[in-house]
Amino acid sequence: MFLLNEGFGVNDVIVLFLFLAGIVLAGFLGTLFFKRTKFSDFILLMLLGLFIGPVFNLLGTDAVVFLRSITPFFAAFALAILLFEGGLRLNFYHVLKELPRTALFTLLVFVVSVVLIATILLLFGWNFLVALMVGAILGGTSSAIIVPMIQKASVSEETKTLLTLESSITDALCVIVTIALAQIILSQNIQFQVVLQGLVMAFSIAAVIGAIVGLFWIKLLRDESETKKYQYILSLAMLFLVYAITEYVGGNGAFSALVFGLVLGNAKEITKMLRMRSYAVALGITQFQSEISLFVRTFFFVYLGIIFVLTGFDWMILVIAVFVTFGILFARMLSVQALLRYAKNLVKDQKAIFSAMPRGLAAAVLATYPLTIGLTRGINVEQIVQLSFLVILFSNVAASLGIFHFEKEAKRLEEQKKVDKKIRAYSKRMDEMKI
């Protein structure tokens with residue numbers, strides 16, 4: 001028998017355990033659902049969260065308020081875990097090949113998205129700088145959604161690399177540009193050079209720290225036998241250390257997590273390239289990371305639904321959110337078409353690349369940033385929050401439908417290839433019999 005704190009009863013423990021068990025089972029069933037139907041389980045998990053939170057309030061108001069208050073912390077945790085796994089799965093040489101093209105594509109998507117979103121908001125009477133800031137908030141895809149979504153999709157390794165890198169870069173772009181624009185609105189002092197320097201510094205610092213710590217950790221795992229007993233939990237501790245150090249010195253923690261995972265996942269190739277004694281990360285790290293990611297990914301989407309705000313709903317915001325979502329789709333379409341002119345090898349995956357546009361927790365966190373810094377004069381923060389949550393929902397629905405259509409088409413083409421192969425084999429046998 002254990003002691004319970006005052007105000008915390010046995011029923012609370014039971015509810016917590018049922019909730020945690022339900023999260024894991026929902027994630028597993030969602031994975032099976034996607035495998036069988038090719039329809040994304042993300043929307044179903046978000047709907048589950050909506051029913052648990054704002055619709056039926058099953059957790060209680062205090063619990064939901066608490067969950068909303070820890071959004072920045074959970075967002076950082078989810079990004080670190082999911083991008084670390086994404087890095088583990090990436091091919092080092094594919095990253096080197098795709099990085100220049102991905103950087104240009106990412107910048108194009110972000111700029112076009114921000115411009116179109118800001119234009120739409122201006123047409124609805126919003127302030128110019130506020131419209132630009134909201135454009136930055138909603139201008140990038142969510143790596144916490146893209147990484148698991150694209151890992152399950154039937155796309156090439158080049159496409160997986162492109163979309164993983166894009167989503168991790170746009171997370172940083174959204175954060176840096178949003179904060180810069182908020183500070184400009186607050187001080188009325190425009191310094192674009194500072195924004196550019198901030199972007200370059202954030203990615204440079206993240207890449208250097210992620211790579212150096214990754215190489216250091218490979219050496220320890222290889223040379224110290226004691227680390228092998230606890231290699232995964234120690235690697236997780238190093239991941240959080242990398243994230244924390246990078247953020248502390250002004251870098252982007254999420255990108256450093258991706259680089260750290262990339263170095264560990266490609267340890268054999270990198271040690272060979274640097275003429276170090278060869279070492280390959282144990283398969284157990286990758287397998288256990290996949291299990292942890294299943295829980296984090298599932299909780300992430302349920303969490304998004306739980307913290308969704310339905311009270312005091314402004315129906316005009318719903319209309320604006322629809323237009324903004326279409327603006328995001330149009331920006332994505334233009335950018336993908338520009339990409340495919342110079343990347344013919346990605347043409348077969350163009351529907352998947354186009355569909356990889358959902359917004360996530362980064363947008364939800366940034367939507368509350370103006371309130372955090374006291375930027376409330378002449379700005380309706382509640383409208384920004386409501387708009388952001390609706391665009392998150394709509395963009396995830398659009399992405400799920402797009403991936404569903406892509407997977408159905410990919411399955412049909414695969415079955416057609418099998419039929420054609422059988423026909424060719426049969427024709428060959430018939431020709432041999434004639435001879």
When Leu181 is run through (1) closer than 20 Å to Ser256 by Cβ; (2) free of Cβ contacts under 8 Å to residues at least 60 places away in the same chain, the failure sits at (1)
Within region 223-257, of all residues that are of a type in the set (Phe, Trp, Tyr) and under 24 Å from the mean Cα position of the chain (by Cα), the one farthest from Val200 (Cα to Cα) is Tyr232
Across region 183-209, the tally of residues that are over 16 Å from Val109 (Cβ atoms), modelled with pLDDT under 85 and in a helix (DSSP H, G or I) stands at 12
* Quick check: is even one residue across region 33-42 among the hydrophobic types (A, V, I, L, M, F, W, C) and in contact with a helix residue (DSSP H, G or I) (Cβ under 6 Å, 6 or more places away or on another chain)? -> yes
Notebook entry, point to check: Is it the case that Ala237 is surrounded by fewer than 18 Cβ atoms within 10 Å (Cβ to Cβ), in contact with a Lys or Arg (Cβ under 8 Å, 6 or more places away or on another chain) and either of a type in the set (A, V, I, L, M) or in a helix (DSSP H, G or I) (or both)?
Noted result: no
Across (1) touching a residue at least 40 places away in the same chain (Cβ under 8 Å); (2) within 30 Å of Val55 (Cα to Cα), Ile270 clears everything bar (2)
Ala153 meets each of (1) under 13 Å from the mean Cα position of the chain (by Cα); (2) modelled with pLDDT under 90; (3) of a type in the set (Gly, Ala, Ser) with one exception, condition (1)
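Would region 10-24 turn up any residue that is farther than 20 Å from Ile146 by Cβ, assigned to a helix (DSSP H, G or I) and of a type in the set (Phe, Trp, Tyr)?
Looking for residues that are farther than 20 Å from Ile146 by Cβ, assigned to a helix (DSSP H, G or I) and of a type in the set (Phe, Trp, Tyr), one finds at least one in region 10-24, hence yes.
To keep it simple, each residue is scored yes or no on (1) at pLDDT below 85; (2) among the hydroxyl-bearing types (Ser, Thr, Tyr).
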| residue | (1), (2) |
| --- | --- |
| Thr286 | yes, yes |
| Leu310 | yes, no |
| Met316 | no, no |
| Val322 | no, no |
| Arg341 | no, no |
| Lys344 | no, no |
| Ile353 | no, no |
| Tyr369 | yes, yes |
Given the structure, is Gln350 farther than 27 Å from Pro72 by Cβ and free of Cβ contacts under 8 Å to residues at least 12 places away in the same chain?
no
Restricting region 144-166 to residues that are among the hydroxyl-bearing types (Ser, Thr, Tyr) and not in a loop (DSSP other than H, G, I, E, B), the one surrounded by the fewest Cβ atoms within 10 Å (Cβ to Cβ) turns out to be Thr159
Within region 38-50, of all residues that are in contact (Cβ under 8 Å) with a residue 24 or more places away in the chain and either exposed (fewer than 14 other Cβ atoms within 10 Å of the Cβ) or among the aliphatic types (A, V, I, L, M) (or both), the one farthest from Ser293 (Cα to Cα) is Leu50
Checked against (1) touching a residue at least 40 places away in the same chain (Cβ under 8 Å); (2) assigned to a helix (DSSP H, G or I); (3) surrounded by fewer than 24 Cβ atoms within 10 Å (Cβ to Cβ), Ile169 satisfies every condition except (3)
Tell me, please, whether a residue that is free of Cβ contacts under 8 Å to residues at least 12 places away in the same chain and not aromatic (Phe, Trp, Tyr) can be found in region 125-147. yes
When (1) farther than 16 Å from Asn252 by Cα; (2) in contact (Cβ under 8 Å) with a residue 12 or more places away in the chain; (3) surrounded by fewer than 18 Cβ atoms within 10 Å (Cβ to Cβ) are applied to Arg222, the one that fails is (3)
ask   = Is there a residue in region 136-143 that is at pLDDT below 90, in a helix (DSSP H, G or I) and either over 17 Å from the mean Cα position of the chain (by Cα) or not charged (D, E, K, R) (or both)?
value = yes
Is it the case that Leu375 is outside any helix (DSSP H, G or I) and either closer than 30 Å to Ser69 by Cβ or modelled with pLDDT under 85 (or both)? yes
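The values are calculated or read from the model by the stated rules, or taken from the named source; none is laboratory data. Everything quoted here is computed from the prediction, not taken from an experiment. Note that each Cβ is placed from the backbone with ideal geometry, even for glycine, and that neighbours are counted across all protein chains shown.
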